[in-house]
Each structure stands twice: as structure tokens, then as C-alpha cells.
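The values are calculated or read from the model by the stated rules, or taken from the named source; none is laboratory data. Only a predicted model underlies this, so the values are computations on that prediction, with no experimental measurement involved. Ideal geometry is used to build each Cβ from the backbone, glycine not excepted, and the neighbour counts take in all protein chains shown. Note: accessible area is taken over every heavy atom of the protein model, side chains too, but ligands, DNA and RNA are not part of it. Shrake-Rupley method; radii C 1.70, N 1.55, O 1.52, S 1.80 Å.
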Amino acid sequence: MKIIVVGCGKIGSSIIENLVAEGHDVVAVDHDPAIISSITNVYDVMGVCGGGADCDILSEAGVDKAELFITAAGSDELNMLSCYLAGKMGSAHTIARIRTPAYNDKSLNFMKQQLGLAMAINPELLTAHEIFNILKLPSAVKIETFSRRNFEMIEIVLKSNSPLNGMKLTDIRNKYKTNFLVCAVQRGEEVFIPDGNFELHHGDKIGITATHMEIQKTLREMGILQKQARNIMIMGGSRTAYYLAKMLTNIGNSVKIIEKNPAVAESLGSSLPKAVVICGDGTNQELLLEEGLRSVDAFLSLTGIDEENILMSIFASSNNVPKVIAKVNSDELASLAENLGLDCIVSPRKTISDVIVTYARALRNSLGSNVETLYKLVDGGAEALEFNVCRTSKVVGVQLKDLKLKSGILIAGILRDRRPILPNGDDMILEGDRVVVISSHRYLSDLSEIIE
């Protein structure tokens, strides 16, 4: 598909990178010539230098032939205006990044309708939701949901004292009678879609899928279920911190935010009356200790500087804080942070890229079953995809044991009439099902692509 991306900052460049990897024809638009030069040198895309609300620039980018138009510039108003103009000039589908909290309330649906937006994306809000879910189940380093929350997929890192260390998957299933599936394992740089003979080792990052209740039960039986985080300290008064603090305080959690900018701290204090906002430098170790770092259930580093987030998260871990989460956008720094012992890292740009790639695949698809949901697992080494099954799909009505699946493919779940099924070889996929598939290093856009 031809896709135009306006605004090539951190979020925009990540979107471009993932869309190019998917094989789309991408045009990058940005007002900064240096950014356009950098983007066109790194990726196989056409670059247009100019503003996203300039009709001549949009025409030069070929907006009338674009099947998808995405704006991720720094201004919400510019993004909305760009999408409005693109729609009027012939772009089939438009997506705008809208970050301002005032725009993300009850007026958002009205604005989407009036502007003709296919989707409004908010990296900070999506990241806040991601962290919120992890704090409810701190044993996990990542949590994704499928099929209207009927399935959960979590990632955990095996510690040296884990009861799973050295066990084969068949032995784990025999020992723990709960209904769950180990669907992906990352070991170093390698990613595996494991079979029953696969043996887990200390340091593995493993993906587990099951219903919410079975996930809780499984972790409890294994002795690795941590209590929900109720007392939370946040470093950095970012938009993500605002959205997250609002969610947490609304369910009765204790939240303390440390922000060094006096104006930002004052604004947060007035907009978050249930939270405690401290004006101070969160990189000051003495300040963190004075504010009770050692007594909190979770410490979150959510500033705009990756290096600060990593360093202060390591400090929190050294003070035995049960759950530590760092926001890191850079892939290189994220890998470094994991090597330093930080296993729970969130990235707004990765979250948004997953959303955009899912939408693009659904648009491109013209076969029997569209991609409904897509998540990157184990640091991008595998994908979890949810498909809505139509009658024309080639996999309908065939027992799973008779399907000749391609290598690196696992059918992890089926939702049928709101009933979640962890499938075995005797199950089959039927019309109307929602099916969750795990795939390593494949770009699937249709369920039929999983078979030879």
C-alpha cells in the first residue's frame, strides 16, 4: 500500500521503520530538511520536505493516491488539520496522533467523526494502560490481551530460583494442572516457538497464554505470583505519568510523583488532587530515599530521558523495590538496560508501531480472515496475532493435528461464542471464531498463511 507519514520524530520514524519492513510504499513528510535526509538515507522511502498542512506539499507527496495517511507531528492541532485536508484531497484512511489530555476525553469521538479520522492514537495513554496492567500483575514484565480480554498473554523472566528452571514443558504441564500454554521463549538473541521437549533455563524470557483466572492460578501454584502494587512512586511528571496516576488513584492506589519543573509540578498537583506531587529532582538519590523509596511497591521512571530512567531504575532495584518499570524508547538503550538487570521496560513508540502495523495489515488483507490484533513478543522476536475467521478461510473445519503448519507457527487460543479454548490436536477452527496465532519472524496478514 502507499502510506504517507507526516512528522518523522521518534514515533514517526518508528512507524516508518515498521511499515517499510512490512513492504509498504512509504512517503515521509517533515518540515526539517536534515530529518528528511536522515530518513531517506536509512530507509527505502521517498521524502518530501514541508509542512503537513500545506496542500501543495501533500499533493507532491501523492496524497490523492494514498491508501493510508498518518500524522505524528508535535502539534495535535496540526495533526488533525493535516488529516482533515488529506481526507478532502483523496486519502482513503487517516490516522492522527492526539496526545493532549483535554482532547482525549468525551470530545474525542466527536472530533474523530467530524474530521473523518479512522483512528486517533495517543502514545502516552497507551503506555499508561500498559503499565497499569503490569502493576495489577507485577510478576509479569509484559501483558497483552486478546479476544475482548478473554485471553491474556504475559511475559516473565525466569530467575535462578524459579521452580521452572531446568524443566521440560511436558513436565511443567504434568506438575501444574492449570490450563496454560508456553508459546514463545527468548534465550539471548534466539527466539523459539517451543514444543513439549523444550527445556527452560535461568534467564529465559517466556510467553505464557491462558485466561486471566488461569494465569493468576498458574503463577500462584508456581510460587511466583506477586501482590498487586498499591503504593507507587513515579519519577517524571510526563503525560504518561499524568494518565497513569489518574488511573491508579481512581481505584484507590497511593501515588507519589516527583517532578523537577515547578510549573509542571504545580499543574499536576491541581489536576491530580488524589496524588502527592513533589517538586524535586528525581535523580537525587537522597530525595528518593527521603520520600520513601524503600517502602513502595513499585517505582516507575517516566521522564523523557532514557538514560535517567535506566540509571534511577537500577538504583531503585538496588534498594529492593519489588517492581521497577523504566520507559525507554531507544532500542540500543533498552537492550543495555536488560543486560544491566532491568527486565520490565516500556516503549511508547513500539506500542504505537504495533497499533499502526495491525491497522495496515487489516487494510491490505483481502482474503478470508483479517488481522484484528497484533503484538510484538519477546523483544520483537515473535508476533502474536488475532484473526477473525471467515467462512472462506482454508483452515476452517480441519482438525489442528491435520493442519500442516509452517515452521515457527503455533495456534495459541480460540475464542468461540465467548468461550476461550486452549486448543489441542483434536480441536478445529470454525467460521466466526477468533484465533490467536504465535509466529516467529513472519509477516502474517491472513490466517490461511499459517499452513504450508
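Condition check: open to solvent by less than 10 Å² (accessible area, probe 1.4 Å) and either over 18 Å from residue 13 (Cα atoms) or in a strand (DSSP E or B) (or both). Does residue 81 satisfy that?
Working: open to solvent by less than 10 Å² (accessible area, probe 1.4 Å): no; either over 18 Å from residue 13 (Cα atoms) or in a strand (DSSP E or B) (or both): yes.
No; evaluated as a whole, the condition is false for this residue.
Quick check on this structure: which one of 386, 338 is surrounded by 22 or more Cβ atoms within 10 Å (Cβ to Cβ) and among the acidic types (Asp, Glu)? Steps first, please.
Numbers: 338 fails: surrounded by 22 or more Cβ atoms within 10 Å (Cβ to Cβ).
Within the list 386, 338, the selection yields 386.
Six or more apart or on different chains, Cβ atoms under 8 Å: show the pairs whose first residue is in the range 342-360 and closer than 17 Å to residue 238 by Cβ and in a helix (DSSP H, G or I) and whose second is open to solvent by 10 Å² or more (accessible area, probe 1.4 Å) and at pLDDT below 85.
350/376; 350/380
Can you work out which of the residues in the range 409-418 that are at pLDDT 90 or above and out of contact with any helix residue (DSSP H, G or I) (no Cβ under 8 Å at 6 or more places or on another chain) is surrounded by the most Cβ atoms within 10 Å (Cβ to Cβ)?
Of the residues in the range 409-418, the ones at pLDDT 90 or above are 409-416.
Then keep just the ones that are out of contact with any helix residue (DSSP H, G or I) (no Cβ under 8 Å at 6 or more places or on another chain); that gives 410, 412-416.
Numbers: 410: 24, 412: 25, 413: 28, 414: 22, 415: 21, 416: 16.
Among those residues, the one meeting the criterion is 413.
So in the range 110-125, with the set limited to residues that are hydrophobic (A, V, I, L, M, F, W, C) and within 23 Å of residue 87 (Cβ to Cβ), which one is surrounded by the fewest Cβ atoms within 10 Å (Cβ to Cβ)? Lay out the reasoning, then the answer.
Pass one, the range 110-125, residues hydrophobic (A, V, I, L, M, F, W, C): 110-111, 115, 117-121, 125.
Filter once more, so that each one left must be within 23 Å of residue 87 (Cβ to Cβ): 110-111, 115, 117-121.
Details: 110: 9, 111: 16, 115: 17, 117: 23, 118: 18, 119: 16, 120: 23, 121: 23.
Among residues in the range 110-125 that are hydrophobic (A, V, I, L, M, F, W, C) and within 23 Å of residue 87 (Cβ to Cβ), the one surrounded by the fewest Cβ atoms within 10 Å (Cβ to Cβ) is 110.
Suppose we keep only residues that are within 28 Å of the chain's Cα centre (by Cα) and of a type in the set (Ser, Thr, Tyr) within the range 268-298. Which one would you say is surrounded by the most Cβ atoms within 10 Å (Cβ to Cβ)?
283
Cβ-Cβ under 9 Å, sequence separation 6+ or interchain: first residue in the range 227-251 and touching a residue at least 12 places away in the same chain (Cβ under 8 Å) and on the phi > 0 side of the Ramachandran plot, partner of a type in the set (A, V, I, L, M, F, W, C) and open to solvent by less than 20 Å² (accessible area, probe 1.4 Å). Which pairs?
236/257; 236/258; 236/300; 236/302
Mind listing whichever residues of the range 389-404 are part of a strand (DSSP E or B) and either in contact with a Ser or Thr (Cβ under 6 Å, 6 or more places away or on another chain) or surrounded by fewer than 16 Cβ atoms within 10 Å (Cβ to Cβ) (or both)?
Our first condition is that a residue be part of a strand (DSSP E or B); within the range 389-404, this holds for 389, 396, 399.
Hits for the range 389-404 are 389, 399.
Would you pick out the residues in the range 99-129 that are polar (S, T, N, Q) and in contact with a Leu (Cβ under 7 Å, 6 or more places away or on another chain)? I'd like the intermediate steps shown before the answer.
Going residue by residue through the range 99-129, those that are polar (S, T, N, Q) are 100, 104, 107, 109, 113-114, 122, 127.
Selection gives 104 alone.
Inside the range 372-382, can you point out the residues that are touching an Asp or Glu at 6+ places or on another chain (Cβ under 9 Å) and of a type outside the set (S, T, N, Q)? Write out each step before concluding.
Our first condition is that a residue be touching an Asp or Glu at 6+ places or on another chain (Cβ under 9 Å); within the range 372-382, this holds for 372-381.
Within the range 372-382, 372, 374, 375, 376, 377, 378, 379, 380, 381 qualify.
If you take the residues of the range 428-449 that are buried (at least 16 other Cβ atoms within 10 Å of the Cβ) and acidic (Asp, Glu), which of them is nearest to residue 192 (Cα to Cα)?
449
Those residues that are in contact with a helix residue (DSSP H, G or I) (Cβ under 7 Å, 6 or more places away or on another chain) and in a strand (DSSP E or B), I need them from the range 259-292; list them, please.
259, 277, 279
When you scan the range 126-221 for strands (runs of 3 or more DSSP E) that lie fully inside it, which ones turn up with 2 or more residues that are small (Gly, Ala, Ser) and crowded, with 20+ Cβ neighbours inside 10 Å?
Numbers: elements: 142-146, 151-157, 181-187, 190-192, 205-210.
The strands (runs of 3 or more DSSP E) meeting that bar are 205-210.
Considering only the range 32-58, how many residues are part of a loop (DSSP other than H, G, I, E, B), open to solvent by 50 Å² or more (accessible area, probe 1.4 Å), in contact (Cβ under 8 Å) with a residue 12 or more places away in the chain and closer than 13 Å to residue 82 by Cα?
0
Could you look through the range 1-16, keep only residues that are more than 16 Å from the chain's Cα centre (by Cα) and closer than 20 Å to residue 329 by Cβ, and pick out the one that is modelled with the lowest pLDDT?
Here is the first cut: in the range 1-16, the ones more than 16 Å from the chain's Cα centre (by Cα) are 1-9, 13, 16.
From what is left, the residues that are closer than 20 Å to residue 329 by Cβ are 5-9, 13, 16.
Numbers: 5: 97, 6: 97, 7: 96, 8: 94, 9: 91, 13: 94, 16: 96.
Filtering the range 1-16 for residues that are more than 16 Å from the chain's Cα centre (by Cα) and closer than 20 Å to residue 329 by Cβ, the one modelled with the lowest pLDDT comes out as 9.
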